[in-house]
Amino acid sequence: MEERRTEETEHNMDTAILSRIEIVQGDITTQEVDAIVNAANSTLLGGGGVDGAIHRAGGPAILAECRTLGGCATGEAKITAGGRLPAKHVIHTVGPVYRDGQHGEPELLASCHRRSLEIAVAHGLKTVAFPAISCGVYGYPIPQAAGIAVQTVAAFLEGHPELDLARFVLFGPDTYNAFSSALRRLGSGQQEGEHGC
Ligand code: ADP
């Protein structure tokens, strides 16, 4: 009988970690958290979708601060104050434009989540809300993006007990359902390996 070896390191994500992740359907601009994450473009000078909604709700102070930041690379993140938003800060990150999944998109999307949380921790923030980064005009397939987002955030929370809460705020039922299933899969130990993340 041939020895069976597996490289899998699957484990059920600790329920204490999963309980620090929330998935809700709603509008990210109304969230009362320390920081909301903006799915921005690399100019940081405003755009459509969630970016437009955040600037409209937060007022011109956010854009004025963004103008001083010199843009942002894909997969990176930068922080501003929250203007008139209930959230004290906005963390602007630039998701990848989806081509075929073979151009570093999974790594860049994971990096958006990780860098946003690193910046939150560096500023002593405890609660962060994310939209579905790259899932709008940037065209990332939603189930795959959801898997990457939830796994990356859970792994980060595991190493950072000082962060109390990461909340995904999804605009419509399709994204809400995809993120909910991704979180359930993580709880049952099923990984997203086939999607390359
Ligand atoms: P990207 O360019 O990264 O794809 P988009 O803004 O086009 O960013 O879309 C990202 C996601 O944000 C989409 O799922 C979109 O439906 C969602 N979205 C748009 N407005 C809001 C909002 N006010 N609150 C939460 N999510 C939003």
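Could you check how many residues of region 80-113 are within 21 Å of A146 (Cα to Cα) and surrounded by fewer than 17 Cβ atoms within 10 Å (Cβ to Cβ)? Counting residues in region 80-113 that are within 21 Å of A146 (Cα to Cα) and surrounded by fewer than 17 Cβ atoms within 10 Å (Cβ to Cβ) gives 8.
Look at region 40-53: where a residue is in contact (Cβ under 8 Å) with a residue 24 or more places away in the chain and farther than 13 Å from T68 by Cα and a partner is within 7 Å of the ligand (Cβ to nearest atom) and of a type in the set (F, W, Y), sitting 6+ places away or on another chain with Cβ atoms under 8 Å, you get V50/F171. For region 117-146, the set of residues classified as surrounded by 24 or more Cβ atoms within 10 Å (Cβ to Cβ), in contact (Cβ under 8 Å) with a residue 60 or more places away in the chain and under 16 Å from E22 (Cβ atoms) consists of A120, V128, A129, F130, P131, A132, listed by residue number. Against the condition within 12 Å of T29 (Cα to Cα), buried (at least 16 other Cβ atoms within 10 Å of the Cβ) and out of contact with any Cys (no Cβ under 6 Å at 6 or more places or on another chain), how does G47 come out, does it pass? Taking the combined requirement at face value, the residue does not satisfy it.
Restricting region 44-63 to residues that are more than 11 Å from the ligand (Cβ to nearest atom) and over 19 Å from the mean Cα position of the chain (by Cα) leaves a set whose member that is farthest from P86 (Cα to Cα) is L45. Mind checking which residues of region 27-40 are near the ligand (Cβ under 7 Å from one of its atoms) and farther than 17 Å from R114 by Cα? Those that are near the ligand (Cβ under 7 Å from one of its atoms) and farther than 17 Å from R114 by Cα: D27, I28, T29.
The residue that is nearest to L108 (Cα to Cα), counting only those in region 56-79 that are in contact with a helix residue (DSSP H, G or I) (Cβ under 7 Å, 6 or more places away or on another chain) and surrounded by 22 or more Cβ atoms within 10 Å (Cβ to Cβ), is A77.
No lab work stands behind these numbers, since they all come straight from the coordinates. Every value quoted in this text rests on a predicted model; they were computed, and no experiment measured them. With ideal geometry, Cβ positions are generated from the backbone for all residues, glycine too; neighbour counts draw on all protein chains shown.
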